[in-house]
Amino acid sequence: MRKEVSCGGVKIGGNAPVSIQSMTNTKTHDVEATLAQIDRLEQAGCQIVRLAVPDMDAAAAFGKIKARARLPLVADIHFDYRLALAAICAGADKIRINPGNIGSEDGVKQIAEQAAKHHIPIRVGVNSGSLEREILKKYGGVTAEGLAESALKNVAMLEQYDFDNIVISLKSSDVKMNYEAYRIVAERSDYPLHIGVTEAGTPSRGKIKSAAGIGALLLSGIGDTLRVSLTADPVEEVIFAKELLAAIGIRKGAIEIVSCPTCGRTEVDLAAIAGEIERRIAMLGMEGMRPLKIAVMGCAVNGPGEAKEADFGVACGKGKGVIFSAGEIIKTVKEEAIADEIINLVGEYAKDTGKRS
């Protein structure tokens, strides 16, 4: 079993469930914009949020954001150890550094001492794009073994200062290399692992790479917390992370949406209806509820049967849909009202059970 650390109120490692992280893409100096994005991430189901702290103005803003944010906040630090010290004093719940680029071992020592004093973890984050020169020379470029060696070397740097409140990440944009690097470190260390595929790309490409890379690791029993990295609104990262955990069967209480592929019998814009339902469901924050199944069906062949078997469903006809709840028909509505009806049913269910977060 891996060691357990705590980021704010979120446990990482041990027997804790896999947690979902994201990172704001607002300027940290802009307190209001950053807080607004954190609120949106929280509503989407994010559990830990990381903020870039590139300068002292950002460190000062970090403290103001921390005073008002509800989620645990991680300060992302590079190059200047003083930024880490300022973020710790500002209330950071975790610090992310690459000890190799902090500039001096004395800086790393000061970060370790202050993190220990404030009882917060440090994530040692190594990326394929920022490996040390000696590692690149030793392995002839970026390799899985080189990534693992860099991560473990930087962990050892913290350990020499009696600091072991550590999370490790070692990310590559190469899915296979990423997988192999994490497997090496998982065998050689018992610190919790933050997993992801770095710089995965645009949503279409990035989701494929993240599903393959993160999914393979999780199915191998590797990973305690994760971030999906997309060139997109970070809320989209969180939504996809939830979907991925549900698809793998790790996260319970997810809402499953089934919809038919459509054919020549379909007489509504089913893709738009299903997409709208999926988008709005993802934003409802349904953590802690029992699993729900929603069926969005396009015609009379399989539609009524699937809709009847689901908790909530719709079987569509020409410009309309028959709405089902717990196997019973409750009403027929026009095409443009279908998504609203399904969302209202789910919302009322959540309200009645008292489990909506």
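Assorted remarks:
One line per residue, one yes/no per condition, for (1) open to solvent by 80 Å² or more (accessible area, probe 1.4 Å); (2) small (Gly, Ala, Ser); (3) farther than 14 Å from GLY223 by Cβ; (4) touching a His at 6+ places or on another chain (Cβ under 8 Å):
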| residue | (1), (2), (3), (4) |
| --- | --- |
| VAL10 | no, no, yes, no |
| GLY14 | no, yes, no, no |
| VAL18 | no, no, no, no |
| GLN21 | no, no, no, yes |
| VAL31 | no, no, yes, no |
| LEU35 | no, no, yes, no |
| ARG40 | yes, no, yes, no |
| GLN43 | yes, no, yes, no |
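- Candidates GLU199, GLU267 - the one that is at pLDDT 90 or above and surrounded by fewer than 21 Cβ atoms within 10 Å (Cβ to Cβ): GLU267
- Filtered by the rule that a residue be touching a residue at least 40 places away in the same chain (Cβ under 8 Å) and either within 19 Å of VAL49 (Cβ to Cβ) or in contact with a Ser or Thr (Cβ under 7 Å, 6 or more places away or on another chain) (or both), segment 194-223 gives HIS194, THR198, GLU199, GLY223.
- Test: residue in segment 231-252 that is within 26 Å of GLY347 (Cβ to Cβ) and of a type in the set (Ser, Thr, Tyr): no
- Any chance LEU226 is of a type in the set (A, V, I, L, M, F, W, C), closer than 30 Å to ASP39 by Cβ, touching a residue at least 40 places away in the same chain (Cβ under 8 Å) and not in a helix (DSSP H, G or I): yes
- When ALA272, ALA241, ALA246 are screened for being free of Cβ contacts under 8 Å to residues at least 24 places away in the same chain, closer than 19 Å to LEU41 by Cα, of a type in the set (A, V, I, L, M) and assigned to a helix (DSSP H, G or I), only ALA246 passes.
- Taking segment 285-349 and the strands (runs of 3 or more DSSP E) fully enclosed by it, the elements with 2 or more residues that are exposed (fewer than 14 other Cβ atoms within 10 Å of the Cβ) are at 328-334.
- Options SER204, SER189; residue that is farther than 30 Å from ILE329 by Cα, of a type outside the set (Asp, Glu) and under 20 Å from the mean Cα position of the chain (by Cα): SER204
- Among the residues of segment 31-57, those that are over 15 Å from the mean Cα position of the chain (by Cα) and not in a strand (DSSP E or B) comprise VAL31, GLU32, ALA33, THR34, LEU35, ALA36, VAL53, PRO54, ASP55, MET56, ASP57.
- Being open to solvent by 40 Å² or more (accessible area, probe 1.4 Å), modelled with pLDDT of 95 or more and closer than 16 Å to GLY125 by Cα is a property that TYR191 lacks.
- Residue check for ARG50: open to solvent by 50 Å² or more (accessible area, probe 1.4 Å), basic (Lys, Arg) and either under 21 Å from MET283 (Cα atoms) or touching a Phe, Trp or Tyr at 6+ places or on another chain (Cβ under 7 Å) (or both): no
- Residue in segment 254-263 that is under 22 Å from VAL296 (Cα atoms), in contact with a helix residue (DSSP H, G or I) (Cβ under 6 Å, 6 or more places away or on another chain) and either hydroxyl-bearing (Ser, Thr, Tyr) or in a helix (DSSP H, G or I) (or both) present: yes
- In segment 249-264, the residues that are of a type outside the set (A, V, I, L, M) and either open to solvent by 60 Å² or more (accessible area, probe 1.4 Å) or free of Cβ contacts under 8 Å to residues at least 60 places away in the same chain (or both): GLY249, LYS252, GLY253, GLU256, SER259, CYS260, PRO261, THR262, CYS263, GLY264
- Residues considered: ALA67, ALA60, ALA16. Of these, the only one that is of a type in the set (A, V, I, L, M, F, W, C) and within 20 Å of the chain's Cα centre (by Cα) is ALA16.
The values are calculated or read from the model by the stated rules, or taken from the named source; none is laboratory data. Here the structure is a predicted model, which means the values were calculated and not measured. So basically every Cβ, Gly included, is an ideal-geometry build from the backbone, and we count neighbours across all protein chains shown. Please note that ligands, DNA and RNA were not included when accessible areas were found on the heavy atoms of the full protein model with its side chains. Shrake-Rupley method; radii C 1.70, N 1.55, O 1.52, S 1.80 Å.
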